[in-house]
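**Student:** My questions will all concern the structure given below.
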Amino acid sequence: MVRDFAAFAAATGPLPRTCIVTGELVGPFKNGGLGTSMTGLAEFLAAHDAEVTVLYTGEVTGSLEEWRAKYAAAGVTLCALDEFERPALVGPLADIGWTNAWPVYRALKSLSFDVIHFNDTVGEGVYCLLAKRMGLAFGETLLCLALHSPTEWILEGNGHPANWAGFCFFTSSERLSIRNTDLLWGPSRYLIDWLTHRRYDLPEQIFNQQYVIPTDDLFGPGLEKTARAAAVPVPVPPRRPREIVFFGRLEERKGIRLFVNAITKLGPELARRGVSVTFMGKPSSVNGVPADEFLATRSGQWPFQWRIESGLDQRHAVAHLREADCVAVMASPVDNSPCTVYEALQFGFPFIAARTGGIPELVHPDDHALHLFDYKVDALSALLLKVLDVGIGNARHAVPVATNQACWLGMHRSWRQLLPPPPAPAPERTWALVVDATAGTDFDQVSATLASARACLDGYGCKTIVVQHGVASASAKWPAGIEVIDELDDTIGGELIGRLSAAGADTVLLIRAGITIEQGARPILERALAAGPEAVIPMTHVAPAAATMLMMPGSAALTMLEGEYDSGAVALSLPQALDRLGARVGQLDRDRPYFGVVDELHGAGGEVWPVPEVLLTAQDASSVVVRGLFESRRNRSFATMDVAEVYQTMSVGRHFYRAVVPVKVPAPPTAPAAPAPVPAPVPAPVGRSAPESTSKLGKTAHKILLTVYPSRGQAMFEQLRQTFRRL
């Protein structure tokens, strides 16, 4: 059930020690709604004498020391993530630059707070949230997650394909963060409902509460500024603007295309009235084209003056809109709860906005007709003409600022009521051990792995198997009680798993030869599995690189793209995994790492979570990640992959296909050619022909889908071709 903080509004008592983790912040970050909202929350709590620390994870514009001093004047302690130790990282996450979540976890473990706020976007809090869920850290801390803008929602709003593997990482971490947070709060009911429609797993505590945005005296101390912000705005008499300002990031999701079409349509009238146009926001792209290039292309016929103003931070942008004779336009086709609208309402400057997403939730119902328009060129054009003719004043909040402030204050005073109960003690498990000795692994490596794993499971293990890829050496002297299976043995993967279960094991440690595991790892892995996933993968210290190999929550798309991606060991909850795999157990292949169980779990919609602790050591980096192995055998693991996962996979594949396959432009004919005779049509096999309107790329994709998914390829292709114009 979705609630708000109103039930806590009358709460009294001390405010908690609060940390706000954010990659955007007014001042160090030029502009952005996420930063505006988190800055406002920090300022508001500090003004009420709460102990507030901001852990800033982004790049710093200007001098950090200057910003630290300014925030200190407002009662906020500003720390940069770079001030904490940042260990060397290796692996796919390091390759794409997603490296903040791990140092955020390490930094916060070394500090002490009552309440920590994270942002959903790119999932920087995922390891902290998982550690809390697994009972590894933050037991007495309330972890809150703000719902600003999931990556899937951003891509959807911008019409941008998920054509980079990094998007898969972001989406996986965001989904896992949302599922495991103590408390999820979002400023609009619209985006909370969007999560439900996109089949996100939601936490028990969900709140719909609007933002608190910065006051007009951000770096000043005391309560007077918050009281001033909470005062009922004085009505501003309608005025005719001399400037129209597109206010927001210059991108598709903020409605720049609709706005450009509207002002193009009104061009002669704007010129006649001497009205100029300003694009005020951070440049992005429009359908893959940089925003400034898009505007340069469209502006050729504009008879009015126009300019781009992207250098203003939040405070200077608001100052211009308050002082200039202008009207701000927020034309988003979809938006969560845009801070541009909050700023217009709180600071009283004239605006009009699209009646989309969570925008109507912010504006008083009686002001909708004057300030909101349907997302259509004609509707925006008509409202702009009306504003130019009769003028426009300010609008009112749907929820008074004073009411919203009281709710936020009460929620923090009631933070202990919102703490979930600690996880139940993890039950002791009976473990089986399987050492995966890949080709080229020597006996000493296998022995070192066996020794560390048996010490870790001492007293809790019931069976040990070494799977030798190749023929086991007859001279190898294996310790007693170890079963060795090699290529001369006909045992298949499914039989191996069944044999472990029959021996009484309910948990399996699958570990690659050459990896050693910490002696105290067993109870940590048991707590991690008790949190709910079918399997967990810990972090690894890669000794040759003196670096940490990070693991990321996976998805079928990510697993297929990255290949056999793991840290060197997987802990498997056997009953859960067997239940999830069902008939897929028969597809487990002894010659794939861990029998292919990670692939099969992802393909079956199972959950494989990272354990945010370094429990493994690799003396050789090659024993950690194996990519490109057994590709033909891996394909079948993903035959039932969800269409959304197929979309992500195909988006990345399409991107690289277009990058490596040159576009062939045929030379123009020198003379008209005679019509060629039309051959008789050759019937195609039923259900396997690509539509004739499909491009070469589409036909290639069609062929791939039919090869990988013989039974479902045609149906999947029909769904996917709706996604790409030329598929």
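**Student:** Please report the projected area of the chain's Cα convex hull averaged over all directions, in nm².
**Tutor:** Spelled out: convex hull of the Cα atoms, projected over all directions, averaged, 38.3 nm².
**Student:** Where does the chain land at 222 nm, in deg cm²/dmol rounded to the nearest 500, when only DSSP H runs of n ≥ 4 count, each adding -39500 (n - 2.57), divided by all residues?
**Tutor:** Per the formula, -10500 deg cm²/dmol.
**Student:** May I pose another question? Pick out, from S414, L525, L383, the residue whose Cα sits farthest towards the positive end of the charge dipole of the chain, with +1 on the Cβ of Lys and Arg and -1 on the Cβ of Asp and Glu.
**Tutor:** Most positive-ward Cα: L383.
**Student:** Quote to one decimal, in nm, the extra length available between R228 and N287 on full extension: 0.36 nm per residue of separation minus the C-alpha distance between them.
**Tutor:** Stretched fully, the R228-N287 segment lengthens by 17.1 nm.
**Student:** Per q in 0.08, 0.12 Å⁻¹, report the Debye log10 I(q)/I(0) for the stretch 2-228, using one uniform scatterer on each alpha carbon and no solvent.
**Tutor:** At q = 0.08, 0.12 Å⁻¹ the computed log10 ratios are -0.28, -0.66.
**Student:** Could you check the spin-label model distance between D367 and D49? Points 7 Å from the Cα along Cα→Cβ, value in nm.
**Tutor:** Once both label points are built, they end up 3.3 nm from each other.
**Student:** Can you compute the FRET efficiency between R3 and H316 using 1/(1 + (r/R0)^6), with r the Cβ-Cβ distance and R0 = 30 Å? Round to the nearest 0.05.
**Tutor:** Between R3 and H316 the formula returns 0.20.
**Student:** Let me ask something else. Could you work out how much longer the chain between E269 and D325 gets when fully extended? Use 0.36 nm per residue separation minus the Cα distance between them, nm to one decimal.
**Tutor:** 18.4 nm
**Student:** Please work out the Kirkwood hydrodynamic radius for the stretch 235-395, using every pair of different C-alpha atoms, and report it in angstroms with one decimal place.
**Tutor:** That comes to 15.5 Å for the stretch 235-395.
**Student:** Continuing with this model, one more query. Rank G166, S177, G606 by how far each Cα sits towards the positive end of the charge dipole of the chain (+1 on Lys, Arg Cβ; -1 on Asp, Glu Cβ) and give me just the farthest.
**Tutor:** Looking along the dipole axis, the top candidate is G166.
**Student:** Can you tell me the FRET efficiency between Y460 and A88 if r is taken as the Cβ-Cβ distance and R0 is 45 Å, rounded to the nearest 0.05?
**Tutor:** E between Y460 and A88, to the nearest 0.05, is 0.85.
**Student:** Taking the C-alpha atoms of the stretch 431-629, how large are the radius of gyration and the largest Cα-Cα span, Dmax, in Å?
**Tutor:** 15.3, 43
**Student:** Go ahead and run the numbers for FRET between S110 and E66, Cβ-Cβ distance against an R0 of 30 Å, rounding to 0.05.
**Tutor:** Working from the Cβ atoms, E equals 0.70.
**Student:** Also, I was wondering about something else. For the Cα atoms of the chain, what angle does the longest principal axis make with the long axis of helix 314-323, in degrees from 0 to 90, nearest 10?
**Tutor:** Its long axis makes an angle of about 20 degrees.
**Student:** In debye, nearest 20, what is the charge dipole magnitude of the stretch 413-562 about its Cα centre with +1 on Lys and Arg Cβ and -1 on Asp and Glu Cβ, if you could check?
**Tutor:** Taking the Cα centre of the stretch 413-562 as origin, the dipole is about 840 debye.
**Student:** Cα-based Rg (one decimal) and Dmax (whole number) for the stretch 1-102, in Å?
**Tutor:** According to the Cα coordinates of the stretch 1-102, Rg and Dmax are 16.1, 49 Å.
**Student:** Right, here's the next one. Straight-line reach only, C-alpha to C-alpha below 13 angstrom: list the aspartates and glutamates that K254 could link to, leaving out same-chain residues fewer than 8 apart.
**Tutor:** Within reach: E156, D335.
**Student:** Rg and Dmax of the stretch 266-331, Cα atoms, in Å?
**Tutor:** Calculated on Cα positions, Rg and Dmax stand at 13.0, 34 Å.
**Student:** Between A439 and S473, how many nm apart are label points set 7 Å from Cα along the C-beta direction?
**Tutor:** Label at A439, label at S473, 1.8 nm between them.
**Student:** Once you place label points 7 Å from the Cα toward the Cβ at V236 and T640, how far apart are they in nm?
**Tutor:** In this crude spin-label approximation the distance works out to 5.9 nm.
**Student:** Does anyone have the angle between helix 643-660 and the longest principal axis of the chain? Alpha-carbon axes, 0 to 90°, nearest 10?
**Tutor:** Once rounded, one gets 90 degrees.
**Student:** So for the stretch 415-544, considering every pair of alpha-carbon atoms, how many percent are separated by more than 25 Å?
**Tutor:** Here the tail beyond 25 Å accounts for 31 percent of pairs.
Computed from the coordinates by the stated procedures, all read-outs in this text should not be read as laboratory data. Quick caveat: nothing in here was measured; it's all calculated off a predicted structure. Reconstructed Cβ throughout: ideal geometry from the backbone, glycine too, with neighbour counts over all protein chains shown.
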